[in-house]
1. Binned at 10 Å from 0, what are the whole-percent values of the Cα-Cα distance distribution for chain B, short to long?
2. Give me A:405, B:71, A:271, A:187 ranked fewest to most by other Cβ atoms within 10 Å of their Cβ, as a rough exposure proxy.
3. Round to the nearest 10 and give me the degree value, 0 to 90, for the angle of helix B:224-235's Cα axis relative to the longest principal axis of chain B.
4. On each of the three principal axes of the Cα atoms of region B:86-188, give max minus min coordinate, whole Å, ordered largest first.
5. Please report the Cα spread of region B:1-120 along all three principal axes, rounded to whole Å, starting with the longest.
6. Taking the beta-carbon count within 10 Å as an exposure proxy, list B:219, A:231 from fewest neighbours to most.
7. Between region A:151-169 and region A:11-80, how many Å separate their Cα centres?
8. If you project the alpha carbons of region A:48-494 onto their three principal axes, what span does each projection cover, largest first, in Å?
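Any read-out appearing in this document is the output of simple, stated calculations on the displayed coordinates, not a laboratory observation. Because the structure is a prediction, the values reported are computed rather than measured. Backbone-built Cβ (ideal geometry, glycine too); neighbour counts: all protein chains shown.
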């Protein structure tokens, strides 16, 4: 039992915007009322919000681990010794699994979605999520370059059943498409697709057919989270047209666009990009079935880590440094390049500015939510700074004055966008919005019955400082962080979707496995109880 | 007698002594020095568990005993003088920024990695990665001088960004691998692939070197900077002849796979 007394509560999902009131927690849930002798936190003068929800991050799985191995120098510089409550670990842009959990919690986040796991690697992701304490975690299952699915799509086969089976086999939460068709083309030898109607060589599908088929399946299954799309042509000048084509192709079907900043570039391919954020914002405003996370770039060190292997190859040409490029048979590719975003660099400054444009122009914070595509645009540790950029116009303009001027001229940021996010809007883009887009009914709000995940901040004029060091973080009703320090580090829950499929689908998939995989179908689904249990199953079918 | 640390017996597994440097010890009382943390494998221990402390602290520190399994001696030192009376272990003088570190015997691998200033003198031979880069880092040594009177192992000066490494004996394979700038001089012969992937900087060969095919001949000349460098090195005790100091050098530019702004200077004689 815990009463959070007399804090200023921001709970946008329940229409509460800065009202001073009590929040009562009992048995891991928000409750209506508690007896007066219940223990209390005196939150007078403090800001109370639901725990943070990160809709798109990379925190577990083989790509994350390869990135860790690639950058030992970051670990040397950021060593965490074991304490009475925490394990030892390393930080940097790709922290060790335990450190990831601790640092998310210390930031007031209690739910994180790992955004890209090939089903073949689900065991690895699950094992790491089991070692990522405190936060509840889910992961999205990659299906955009899956050879078996391609064949079913081409032949008009039971795609929906296969999608459901894959989700269940992996223990995943939602469906992710990354550069559909393009990664497969890359694996055929240094090629990519450049539009939705390019043929994926020899496979008889196009990006459009993959997008349409999978998005339709996700809607038919009623998955809590819509199809999560990393569009084709990431990072290419002029790619906003592809992004718009993608949204048009998915009109009437639910879809969430990942890190849309990386897909909002105007200009012509091969030339200097400019911003096309306003055009995409227009579309999103007009289509309530579509949503996006921003994928803000923050200056400083990052690690680009993507399933979009051809993009990684291009980035590596920029850095000339170490990198990883990998092939996951029949399912996807992978690329990792350590990267530093610099204020004076035209492209980096433009990316930074486009992210801010998307936030500031967006009319519906519920559908354009915060992410840095951690660690691609920057570490999740940079969220507080990003929040300050959104909330503090003076600070923002000062920062705009520091970065590459030519880039700013290719955006509308120079027009002195007046908007300052309110605390209520920040609560939407960091908790309530992502939770709603994910279909997590118990997350992102403080209504009766919600998970008792609460973050309490000291009111501070410097919003970066305020959001970087919450006074209290409560997870499942337990006080995890007190006065900015971890008090305990219990395991978080695995969140997975509960979706039915027809057992007969395995007879359809068996010959495809024979053809494409080096593993047997029987060995493919995750069955290890220690990986799958305990888990909270979020039912499909309640979405619409 | 200077402050002296005498290792009683070699540790069973390597002993890590990060920060055991004269500048750090100078301000400490005997009891504080004895209580300093060292890591014996994965176990935290006190310095006095392994070392006998004698003499008194000023700017000079002497380490005696068989410290071949003691790592990070003098790591990060900024001033003063540290002398290792016999052979020293791995990472000796890593990240040092100033002062002088003298090893009377041989030194292990990774000595002087990430060094930024000061001077490391090895009277015996050095292992691999002398003045190299820490794992994962692009740049190795960024300043200071390393002088080795014996031979050095592979990849001496890997990723070198600034500074001078001079070797009286032979250099192993991959000397100056991926170096960015700075100077490496060896009087003995070089192993395979000297200067592979070097972007800038100078490798000076006084005897045999087999060049990679990605290096191209530029000219023969008497580099004025080099005679200054070599005089300096002779003053430090490197056995250089007047002919070498005044001599003519063939300049080979490379690595052609990178910028081709680096050079290997090969001594040709002094006619």
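1. Binned Cα distances yield the sequence 8, 31, 31, 18, 9, 3, 0.
2. Result, fewest neighbours first: A:271, A:405, A:187, B:71.
3. 40 degrees
4. 32, 27, 20
5. Largest first, region B:1-120 extends 31, 29, 22 Å along its Cα principal axes.
6. Lowest count first: B:219, A:231.
7. Region A:151-169 and region A:11-80 have Cα centres spaced 36 Å from each other.
8. Principal extents (Cα only, largest first): 59, 48, 44 Å.
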